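Contents: one structure, followed by commentary.
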Amino acid sequence: MSWNRHAGRALRVAVAVSCALALTACALPRVTQRPAQVEYRLSAPGLRQPGPAGEPVILRVLGVQAAPGFDGVPMLYSPRPTQLMPYRDSRWLVPPAEMIGSALRQTLARQSWVAAVEGDGSPGAAPWVLSCRLERLEHDVYSRRVALDMRCELFGDSGNKLRAAWDFDSARAMPVQDAQAYAQATQDLLDQALAQALRHVAAAVQEKPPAAAASSPR
């Protein structure tokens, strides 16, 4: 009888412990999966720039180069000066330099004074060659703004004569500090940069480049 009483008591304790563990498990927070990566893209705006009269021109647009650190898909932000960090759950669809180059080519191709826009690998010499480099694209959290810096050079005479050079370096304030606002601010700045590029290219074409050769694009 003594053994049965001890066995019964041990069984009741075991059941109580099992119930307590089950309740504790139910009370613990569930482990959730890490949020999926959100990808953002940059696109060509519907810009129109009046251009020179006469025969439409052929342009070759070289691939946009990127400074070290700005040639990948991470969306970079600066929590403090001199420090860059990538957003954890957000990134660009492809490197921004590629999207900027695509938007640049599409924007130029839509102009009535442009006959064709060629890429790097097109055969033969094009009368005009445009080369751009992305120097900076980042979200400055400490100053609550997004900055875009891009330098372009336009060569005439089949790429042998520098006809125009300009630097787009601008920033846009961000009332909301997140990746979505970062992407929208970048698109707004890109629209401005492309509008500037159209003005410079149209003005250079209007001047009609001389036949003499000088320097070549690098």
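Database remark: amide H of Val141 closer than 5 angstrom to the amide H of Ser78 (H placed geometrically; neighbours at sequence offset of 5 or more, or on other chains; Pro and chain starts carry no H). Given in Å, the Rg to one decimal and the Dmax to the nearest whole number for the Cα atoms of the range 38-207 are 16.6, 52.
Between amide H atoms placed 1.01 Å from N, distances below 5 Å from Trp92 occur with Tyr40, Met75, all of them 5 or more places distant or on a separate chain.
Every read-out reported here was derived from the displayed coordinates using simple, explicitly stated rules and does not represent laboratory data. The structure presented is a predicted model; accordingly, all values stated were derived computationally and were not measured.
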